[in-house]
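The values are calculated or read from the model by the stated rules, or taken from the named source; none is laboratory data. It should be emphasised that the depicted structure is a prediction, and the values quoted were computed from it without experimental measurement. Cβ sites come from the backbone with ideal geometry, for glycine too, and all protein chains shown count toward neighbours. Only protein heavy atoms, including side chains, enter the accessible area calculation; ligands, DNA and RNA are left aside. Shrake-Rupley method; radii C 1.70, N 1.55, O 1.52, S 1.80 Å.
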Amino acid sequence: MSIARPPVFRLADHAPGRLTLASDQGDLAHVFVLEPDIVRVMVLPGGRLRQPKTWTVAPGMEDVPAEGRDRFDLAGFSLPDYALDEDEGIVRIETDVVRLQVRLDGFFCSWAIRDGEAWRFALRDRPTQAYDFGWWDGRPSHYLRREPAEVYLGLGERSGAMDRAGRRLRLTNLDAMGYSARASDPLYKHIPFYVTTRPPTEGSAAGPAFGLFYDTLSDCVFDFGQELDNYHGAYRGFVAEHGDLDYYFVAGPQLARVVRRFTWLTGVPALMPRWGLGYSGSTMSYTDAPDAQARMAGFLDGCERHDILCDSFHLSSGYTSIGERRYVFHWNRDKFPDPAGFAQSYADRGVRLCANIKPCLLHDHPLFEEARARGLLIAEADGEPAWVQFWDAAGAYLDFTRPEAADWWRQKVTTALLDQGIAATWNDNNEFEIASPKALAHGFGAPRPAWEAKPLQTLLMLKASREAQAAHAPGRRPYLVSRAGAAGMQRYVQTWSGDNSTSWETLRFNLKMGLGLALSGVSNTGHDVGGFSGPAPDAELFVRWVQFGVFMPRFSIHSWNDDGSVNEPWMHPEATVFVRDLIRFRYRLIPYLYDLLFRHHRDFEPVVRPLFHDFPDDPGAWADGDEMMVGPALLAAPVVEPGRTERQVRPPAGADWIDVWTGARLPGGREAVLPAPWDRPPLLGRAGTAIPLNLAEQHFGRPALSRGLMVFPPGGEGAWSGEVFDDDGETWAFREGGPAGWAYAVEVGADVIEVAIRGLAGHPAPPVEVVLPPGEARALRVR
């Protein structure tokens, strides 16, 4: 095959949900019409499918089998009717939402999206060699035309600005400790999905939004215009090292719909217990110390002394140490003579432990020879372990594509941790950095080079950890966290942005990284507050980081500071009272954050999101700013520069806004200046919304609940209603008819604001106190 004689395809088969195009040279292209808004293209040069299974696609499902899902399995999709015709070398496929035209000579695709009554152009392949039909190196490749004014959003937690235009980004999971949140690449996660659209201008509407998801677990590169070649025009491209070219076109036309549909496509986000939203302490320093158990007890004493609310503590890997190294599932009995008693000491004070676990066994691990003899490790063809560098020693990864290894892992998680009273697992250092082609994964009986699908090992590790926790506490929703992951990881875990560095720049760009993840289907996220690596944060940076962190689903202060200090809420005496009060404010917000996580689980909506997600028609909302929406009701504007006492903000047009602290009203679309003291993060409520709160006075070790509803009324009249998810916070009882929340209805008049509260599904309404913004003069009636 040469570029002078590209393949010519013909329509070879046509069946519900799929049609097949074939060339005389044996090339195949399958087009799957899965949903009115989701169409998939699988291009197989030579007709050969290299990886017949997927672990990332789980449409509306909570999981996939450990051995994967057959790529031709269409279960879970609606497979709608579609129109098909062929004329003058063009095949046209049309649903109610998507129109795909395929030019058979050379195979070139062009896409359009229905927007109301009109079809709007969305995407087209590069007209020169969009795919590799044997004329290059055989790697899965896809080149597309790059249109003027396009923006590219997603790919998970990438560094830098949210728009990836002009960049070249590599997806290969690495332990990127101390990374630059502005520039480092690659990082920890592998999510080959991005959204394309054209922002509106003052004279034109936004272009239709659509997503492209490449279903691969291989290392891959996305180029968004950094590479230029005069012979091909303006283009962008995707190239994977291994696997197949199998991509999904997810149509909007609204960006928010694309995000929801991609999340649905890759599986139902796990609904975790409510306590996972509380403050979680953590540091490397405590468990690294010789007197680790005393240091850990000191943390609880500090929370008691300073009245810092806390629900959990992430137990760093020092508890597994022998000397300076870490040995997963090994308790250092010099540091922790009685693991169960230690865990109980934390539970007695209302704090759960989440223990760090790693999937690599060092060569001198007490269990290494057992794992080696049982064939549980990724190995070379001769059986020799596939050695990797892990910290300062050689080790080998467990092979989670071998069912016996996953069984072993579940058993060790249970006996070494859960049976000792550990509440949850912190799956860490799980990037599976395998660089040798000699390393073979068992592959469920079909061995293949492990480096072809490294994130698969990560996903299967998370699945095994979650299964162990679910089996140990049936009926209770597991809480897990993982640093690494891939598309579909939201089915198992909460995550964070890894081992960030301590700087104002990191604070600013971690915000954007979290929003990129949220647009990529992964919304239960956070960051190491204060910075993990580098110098200790000064008081101002620390407070500003806490102000930002209290709005993220994951709120953990974690560190491994160069000077041996620890990021603790009381690390700066002059700031402790501010940090304490900010954490109290976080707990006040937990009912709202919990409701948002439920909507992420049920409706696939992101928790935090960029302003343009909710206000796509406002050109100003597309500016690369440092604000974010927290659900549909709150706009948080973190301070990300030193020395600031005020925060300039432009709330989006299309809504009116209320300063949560002062009650001042701000029109959308206009610049405003908000006070930014240390005790109050700049925060706006969207008029015409309401959020549930916990109004109780809370203290460390003494949780309390007093339900509240804060209403942000419009300046004029209006009416709306909503529901609040509010269950027992830990079990699945709400699925079996147990209490699942309450509803409200608001009517705003010229003189009176009326709020009605009612129960749901036959359950009585709980007591709810309604709160209005400061300065609201209208009378309040609650019924």
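Under the rule of at least 5 residues apart or a separate chain, name every residue whose amide H is placed under 5 Å from the amide H of L123.
Under 5 Å from the amide H of L123 lie the amide H atoms of W111, each far enough along the sequence or on another chain.
For E404, E697, give me the order by solvent-accessible area with a 1.4 Å probe, most accessible first, ignoring ligands, DNA and RNA.
Details: E404 90, E697 140 Å².
Largest accessible area first, the list is E697, E404.
What do you get for GluC sites (Glu not before Pro) in segment 310-382 restricted to DSSP loop and a cutoff of at most 12 other Cβ within 10 Å of the site's Cβ?
E324
With a 1.4 Å probe and all protein chains left in place, how much accessible area per residue does the chain have, in Å²?
Accessible area per residue, the chain: 35 Å².
Let me know the shape class of segment 394-507, please: from the alpha-carbon gyration tensor, a ≥ b ≥ c as square roots of the eigenvalues, rounded when a/c is under 1.5, otherwise prolate if a/b is greater than b/c, or oblate.
Cα axes put segment 394-507 in the oblate bin.
When a/c is below 1.5 the answer is rounded, else prolate if a/b is larger than b/c, else oblate, so apply that to segment 13-56 with a ≥ b ≥ c taken from the square roots of the Cα gyration tensor eigenvalues.
Oblate, since a/c reaches 1.5 and b/c is not below a/b.
Given axes a ≥ b ≥ c from the Cα gyration tensor, I'd like to know whether segment 1-139 is rounded (a/c under 1.5), prolate (a/b larger than b/c) or oblate.
Note, shape of segment 1-139 comes out oblate.
What is the distance, in nm, between label points placed 7 Å from the Cα along the Cα-to-Cβ direction at A161 and at S706?
4.8
What ³J(HN,Hα) values, in whole Hz, does the Karplus curve 6.51 cos²θ - 1.76 cosθ + 1.60 give for segment 679-687 when θ = phi - 60°, with x put for Gly and Pro?
9, 9, x, x, 8, 10, x, 7, 4
Which whole-Hz couplings ³J(HN,Hα) result when phi for each residue of segment 107-118 is put into the Karplus expression 6.51 cos²θ - 1.76 cosθ + 1.60, θ = phi - 60°, listed in order with x for Gly and Pro?
6, 10, 10, 9, 10, 9, 10, 6, 10, x, 8, 9
If you put +1 on each Lys and Arg Cβ and -1 on each Asp and Glu Cβ, how big is the dipole of segment 1-68 around its Cα centre, in Debye rounded to 20?
380
Take the residue pairs K358/K438; K189/K512; K358/K463; K53/K438 and return only those whose Cα atoms are more than 18 Å apart.
Long pairs (Cα-Cα over 18 Å): K358/K438; K53/K438.
If each of D348 and R305 carries a label point 7 Å out from its Cα toward its Cβ, how far apart are those two points in nm?
2.0
Relative contact order of the chain, please, whole-number percent, based on alpha carbon pairs below 8 angstrom and at least 6 residues apart.
Once divided by the residue count of the chain, the mean separation gives 11 percent.
Apply the Karplus curve 6.51 cos²θ - 1.76 cosθ + 1.60, θ = phi - 60°, to the phi angles in segment 204-215 and return the couplings in whole Hz, x for Gly and Pro.
3J(HN,Hα) across segment 204-215, in whole Hz: 8, 7, 5, x, x, 9, 8, x, 10, 10, 9, 7.
Given H placed on each backbone N at 1.01 Å, which residues far from L367 in sequence or on other chains put an amide H within less than 5 Å of it?
Excluding prolines and chain starts, which carry no amide H, there are no hits.
How many nm separate the modelled label positions at A75 and Q226, each set 7 Å beyond the Cα in the direction of the Cβ?
4.1
Under a 5 Å amide H to amide H cut-off, with H placed in plane at 1.01 Å, what residues pair with I322 once short-range neighbours are removed?
For I322, the qualifying residues are Y327.
Ignoring ligands, DNA and RNA, what percent of the accessible area of the chain is carbon or sulfur (1.4 Å)?
With neighbouring chains kept in place, the figure for the chain is 49 percent.
What share of the DSSP beta bridges in segment 335-453 is antiparallel, in percent to the nearest 5?
On the way: 11 of 15 bridges.
Of those bridges, close to 75 percent are antiparallel.
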